[in-house]
Amino acid sequence: MTPTELMGDPGPGGCFGRFGGRFVPEALVAACVDLEQAFRAAWSDPAFRIELDRLLRHYGGRPTPVSRCPRLSEEIGVEVLLKREDLTHTGSHKLNNVVGQGLLARRMGKSRLIAETGAGQHGVATATAAALFDMECVVYMGEVDIGRQELNVFRMELLGAEVRPVASGSRTLKDAVNEALRDWVGSVVDTHYCLGSVMGPHPYPWMVREFQRVIGEEAREQCRELLGGGDPALVVACAGGGSNAAGIFAGFADDTAAALVAVEAAGGAALTGGLPGVLHGMRSALLQDEVGQILEAESISAGLDYPGIGPEHAHLADIGRARYHSATDQQVLDAFQVLARTEGIIPALESAHAIAWVLANAGTDELPLGSTVLVNLSGRGDKDVAQVRDLLRP
Ligand SMILES: *Cc1c(COP(=O)(O)O)cnc(C)c1O
């Protein structure tokens with residue numbers, strides 16, 4: 001690691017410029033420090049890396065391909081490449097993170113995983129890892145979200161996890177994170193908190209980005225193979241907390257001149273519509289009112305309903321290395337159908353935000369005709385088909 005590295009090790013303070021840090025109660029400082037040290041040791045231990053790589057291959061289905069999109073490219077005049085995280089086991093990039101954290105938890109001697117979940121996707125992923133590593137699993141989920149995502153609640157139960165309803169606050173994701181942190185204060189001896197994105201107190205934003213870095217490392221080499229040694233002009237990903245975006249950006253931020261673009265939900269755009277503040281142990285860009293009350297994010301894709309974004313993204317925006325835009329629900333619904341019809345790929349509604357931005361900007365200065373853009377297809381859309389049907393055929 002060199003100090004000039006953009007997406008490198010943030011050091012013991014966990015700061016990304018003026019963002020990040022570790023704003024947790026005294027009782028959790030030691031837990032975070034232990035976790036940071038354990039991760040640092042594991043990440044530089046070849047045996048850990050080999051075991052993780054083996055699991056991601058033989059259990060997760062990695063490496064995922066980069067696919068050309070001939071029909072879509074022809075239609076919009078821009079060459080579109082897709083990094084196919086939709087093809088990983090369980091259908092999204094989330095598996096990379098939970099397998100990494102599960103393996104780390106086992107190495108730390110923990111027997112129990114806890115997690116927060118909003119739409120249920122990260123809860124399902126954590127329950128999957130808990131089954132894989134034979135660990136007890138408790139997932140905190142807001143009562144409102146439990147009502148909206150019954151099928152994922154059942155999935156978690158099938159996988160052997162207990163879903164604990166959270167009745168405080170707005171009874172959604174932000175409250176589930178608080179409840180999981182509260183559990184961890186009293187349970188840290190045998191429990192690992194498996195956080196779902198590049199957010200929260202140090203070391204999570206850094207650690208989760210490193211577990212997702214595999215997306216970007218693979219994609220950079222795969223693009224060079226497809227493009228005769230060249231890099232795409234642009235790399236685009238959707239961003240809720242920002243983990244799939246951070247993972248793919250990490251492969252390009254330091255080693256290429258590719259422009260980096262993250263696309264938030266228009267109703268949850270922490271970087272385009274938020275302000276700096278402290279929440280869930282980190283300083284970052286947050287949706288809040290003028291007195292600092294956190295606002296509810298709202299979008300067509302439940303997986304992007306987080307009122308903040310990871311601190312490293314706030315920093316990348318600050319220094320201009322990445323740019324942050326948003327897509328509306330209608331643009332997303334259109335993009336969802338366009339990719340299905342032209343390429344035979346039904347994207348997750350989250351991923352459709354990235355496609356929507358490409359469709360809206362093809363042929364502009366952002367994305368000139370003839371340029372090449374790599375899109376991180378973070379997940380597959382099977383989970384969203386019923387919702388989209390109800391929206392299209394009310
Ligand atoms: C959870 C999820 C996201 C949003 O999370 P990030 O941390 O921003 O990547 C995006 N896409 C899919 C398919 C998801 O399941």
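Counting other Cβ atoms within 10 Å, keep those with at most 16, restrict to DSSP loop, and tell me which trypsin sites (Lys or Arg not before Pro) in segment 280-349 are left.
Numbers: sites: R283, R321, R323, R341; in loops: R321.
Those that pass, being in a loop and sparsely packed, are R321.
The Cα atoms of segment 129-205 give a gyration tensor whose axes a ≥ b ≥ c have a/c of 1.5 or more with a/b no greater than b/c, which makes the shape oblate.
Applying the Karplus relation 6.51 cos²θ - 1.76 cosθ + 1.60 with θ = phi - 60° to segment 27-42 yields 3J(HN,Hα) values of 5, 9, 4, 5, 4, 5, 5, 4, 5, 4, 5, 5, 5, 4, 5, 5 Hz, where x marks Gly and Pro.
Using square roots of five times the C-alpha gyration tensor eigenvalues, list the equivalent-ellipsoid semi-axes of segment 223-269 in whole Å, biggest first. Numbers along the way, then the final one.
Values: eigenvalues 112, 20, 13 Å².
Ellipsoid half-lengths, sorted descending, are 24, 10, 8 Å.
Taking the longest Cα principal axis of the chain as reference, the axis of helix 173-187 is set at about 30 degrees.
Rounded to the nearest 5, the antiparallel percentage of DSSP beta bridges internal to the chain is 30%.
Rounded, prolate or oblate: which fits segment 188-299, taking a ≥ b ≥ c as square roots of the Cα gyration tensor eigenvalues, rounded meaning a/c under 1.5, else prolate when a/b beats b/c? Cα axes put segment 188-299 in the oblate bin. Between 0 and 90 degrees, the angle of helix 94-107 with respect to the longest Cα principal axis of the chain falls at about 30 degrees. Taking P46, P70, P203 as the candidate residues, the one with maximal mean-square fluctuation in a Gaussian network model of the chain, Cα springs under 10 Å, is P46. Taken about its Cα centre, segment 93-194 carries a charge dipole of about 300 debye when Lys and Arg each add +1 at the Cβ and Asp and Glu each add -1 at the Cβ. In the full protein context, the chain carries 38 Å² of accessible surface per residue, based on a 1.4 Å probe and ignoring ligands, DNA and RNA.
What order, most packed first, do the peptides 86-92, 136-142 have when packing is the mean number of other Cβ atoms within 10 Å of each residue? Can you show the working numbers first?
Values: 86-92: 20.9, 136-142: 24.0.
In decreasing order of mean packing, 86-92, 136-142 become 136-142, 86-92.
When the trypsin sites (Lys or Arg not before Pro) in segment 1-81 are filtered for DSSP coil states and for at most 15 other beta-carbon atoms within 10 Å of their beta-carbon, the remaining sites are R18.
Helix 204-226 against the longest principal axis of the chain: what's the angle in degrees, Cα atoms only, rounded to the nearest 10? The helix 204-226 is inclined about 30 degrees to the chain.
Which value in deg cm²/dmol, rounded to the nearest 500, describes the helix-derived mean residue ellipticity at 222 nm for the chain, given -39,500 (n - 2.57) per DSSP H run of n ≥ 4 and division by the residue count? Each step should come with its number before you reach the end.
Details: 15 runs with 173 residues, N = 394.
Estimated from H runs of four or more residues: -13500 deg cm²/dmol.
Listed by chain and number, the lysines whose C-alpha is less than 29 Å from the C-alpha of K83, apart from same-chain residues fewer than 8 away, are K94, K383. If I stretch the segment between T364 and L392 completely, what's the gain in nm (0.36 nm per residue apart, minus their alpha carbon distance), one decimal? Separation in residues times 0.36 nm, less the Cα-Cα distance, equals 7.2 nm.
Each Lys and Arg Cβ is given +1 and each Asp and Glu Cβ -1; about its Cα centre, the chain then shows a dipole of about 560 debye. Take the convex hull of the alpha carbons in the chain; its mean projected area over all directions comes to 18.0 nm². Farthest toward the positive end of the dipole of the chain, out of G186, W357, A269, is the Cα of G186, where the dipole comes from beta carbon charges about the Cα centre.
Rounded to the nearest 20, the Cβ-based charge dipole of segment 183-258 about its Cα centre (Lys and Arg +1, Asp and Glu -1) stands at 160 debye. If you roll a 1.4 Å probe over the chain with all protein chains in place, what percent of the accessible area is carbon or sulfur? Heavy-atom surface of the chain belonging to carbon and sulfur, 1.4 Å probe: 52 percent. Could you list which residues have their amide H under 5 Å from that of C137, counting only those 5 or more apart in sequence or on another chain, with H placed in the peptide plane? Long-range HN contacts for C137: L113, E162. What the Cα convex hull of segment 34-119 gives, in volume per residue, is 149 Å³.
By its C-alpha gyration tensor, with a ≥ b ≥ c as the square roots of the eigenvalues, how is segment 254-341 shaped: rounded for a/c under 1.5, else prolate for a/b larger than b/c, else oblate? Verdict is oblate for segment 254-341. Think of segment 283-377 as a dipole: +1 on every Lys or Arg Cβ, -1 on every Asp or Glu Cβ, centred on the Cα centre; then among L367, L287, H315, L367 lies furthest on the positive end.
The values are calculated or read from the model by the stated rules, or taken from the named source; none is laboratory data. Source: prediction; values computed, not measured. We place every Cβ from the backbone using ideal geometry, glycine too, and count neighbours over all the protein chains shown. These accessible areas exclude ligands, DNA and RNA; they are computed on the full protein's heavy atoms, side chains included. Shrake-Rupley method; radii C 1.70, N 1.55, O 1.52, S 1.80 Å.
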